Amino acid sequence: MSDDPLLARIIPVLAAVPGVAAIVLGGSRARGTAHDASDTDIGLYYRDGAALVRRFQWEVLFSIENAELAVPRGDSTHIAGCAYRALACIAQVLFALNGAYLINEKGALAQAANFPVTVRDLAGRATEVWRQIGAAEHAATLQMLRVLESDLQKICRVS
């Protein structure tokens with residue numbers, strides 16, 4: 001068990017999650033180069049990759065639908081947060097479909113865009129999502145995310 005109080009609290013909770021096969025520490029804490037302001041990177045390995053894919057596919061759509069609720073309010077920050085989550089979940093699905101482990105979301109979409117099984121022009125379309133958010137083109141942003149989600153669904157049916 002870790003001397004880190006956060007890890008001491010969450011490791012038993014994560015270990016009890018059905019399907020979790022292993023918990024790994026990543027990033028600067030695993031390398032021994034962490035400082036007081038370092039975050040904690042934790043990777044979970046699952047026994048059932050199909051369950052992981054289903055869970056993150058669901059969350060892609062959930063994130064898009066939550067963003068759609070914020071459009072009438074013009075809540076760009078909430079829409080951006082939901083878009084980030086949707087794109088991060090797309091990366092999780094693609095990592096799982098390609099038998100790779102996503103330990104850190106930094107750079108994950110760029111890596112997922114180069115997998116053998118991926119969404120067509122993922123990197124370019126993700127860049128367009130962020131351009132649209134910056135221009136407050138909320139409807140176009142959500143339409144682009146819905147198309148990405150649909151393309152991901154098609155890949156999952158084939159894989």
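Scan segment 145-159 and report the pairs whose first residue is touching a residue at least 24 places away in the same chain (Cβ under 8 Å) and within 23 Å of residue 66 (Cβ to Cβ) and whose second residue is among the charged types (D, E, K, R) and surrounded by fewer than 17 Cβ atoms within 10 Å (Cβ to Cβ), with Cβ atoms within less than 8 Å and a gap of 6+ or a chain change.
That search, which allows pairs on different chains as well, returns 151/120.
Answer with yes or no whether residue 109 is under 25 Å from residue 24 (Cβ atoms) and either in contact (Cβ under 8 Å) with a residue 40 or more places away in the chain or of a type in the set (Asp, Glu) (or both).
Numbers: under 25 Å from residue 24 (Cβ atoms): yes; either in contact (Cβ under 8 Å) with a residue 40 or more places away in the chain or of a type in the set (Asp, Glu) (or both): no.
No: the conditions fail for residue 109.
Do we have any residue at all in segment 106-120 that's within 26 Å of residue 44 (Cβ to Cβ), in contact with a Gly (Cβ under 6 Å, 6 or more places away or on another chain) and of a type in the set (Gly, Ala, Ser)?
Within segment 106-120, the subset within 26 Å of residue 44 (Cβ to Cβ) is 106-119.
Adding the requirement that they be in contact with a Gly (Cβ under 6 Å, 6 or more places away or on another chain) leaves none.
No, because not a single residue in segment 106-120 is within 26 Å of residue 44 (Cβ to Cβ), in contact with a Gly (Cβ under 6 Å, 6 or more places away or on another chain) and of a type in the set (Gly, Ala, Ser).
Filter segment 84-112 down to the residues that are outside any loop (DSSP other than H, G, I, E, B) and β-branched (Val, Ile, Thr), then identify the one that is farthest from residue 157 (Cα to Cα). Working first, answer last.
First, pick out the residues of segment 84-112 that are outside any loop (DSSP other than H, G, I, E, B): 84-97, 108-112.
Adding the requirement that they be β-branched (Val, Ile, Thr) leaves 90, 93.
Numbers: 90: 15, 93: 12 Å.
Only one residue tops the list, namely 90.
Condition check ((1) out of contact with any strand residue (DSSP E or B) (no Cβ under 9 Å at 6 or more places or on another chain); (2) closer than 17 Å to residue 55 by Cα; (3) among the aromatic types (Phe, Trp, Tyr)) across all residues:
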{"site": "80", "(1), (2), (3)": "yes, no, no"}
{"site": "87", "(1), (2), (3)": "yes, yes, no"}
{"site": "92", "(1), (2), (3)": "yes, yes, no"}
{"site": "96", "(1), (2), (3)": "no, yes, no"}
{"site": "100", "(1), (2), (3)": "yes, yes, no"}
{"site": "129", "(1), (2), (3)": "yes, no, no"}
{"site": "145", "(1), (2), (3)": "yes, no, no"}
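Mind counting the residues in segment 32-49 that are surrounded by 11 or more Cβ atoms within 10 Å (Cβ to Cβ) and either in contact with an Asp or Glu (Cβ under 7 Å, 6 or more places away or on another chain) or at pLDDT 85 or above (or both)? Even if it seems obvious, please write down each step before you answer.
Within segment 32-49, the subset surrounded by 11 or more Cβ atoms within 10 Å (Cβ to Cβ) is 34, 38, 40-49.
Now drop any that are not either in contact with an Asp or Glu (Cβ under 7 Å, 6 or more places away or on another chain) or at pLDDT 85 or above (or both), which leaves 34, 38, 40-42.
Residues meeting the conditions: 5.
State all residues of segment 64-76 that are touching a Leu at 6+ places or on another chain (Cβ under 8 Å) and either of a type outside the set (Val, Ile, Thr) or closer than 18 Å to residue 23 by Cα (or both); if no residue qualifies, say none.
Across segment 64-76, the qualifying residues are 67, 68.
The values are calculated or read from the model by the stated rules, or taken from the named source; none is laboratory data. All of these numbers come straight from a predicted model, not from anything done at the bench. Neighbour counts are summed over all protein chains in view; Cβ atoms, including those assigned to glycine, are modelled from backbone coordinates with ideal geometry.
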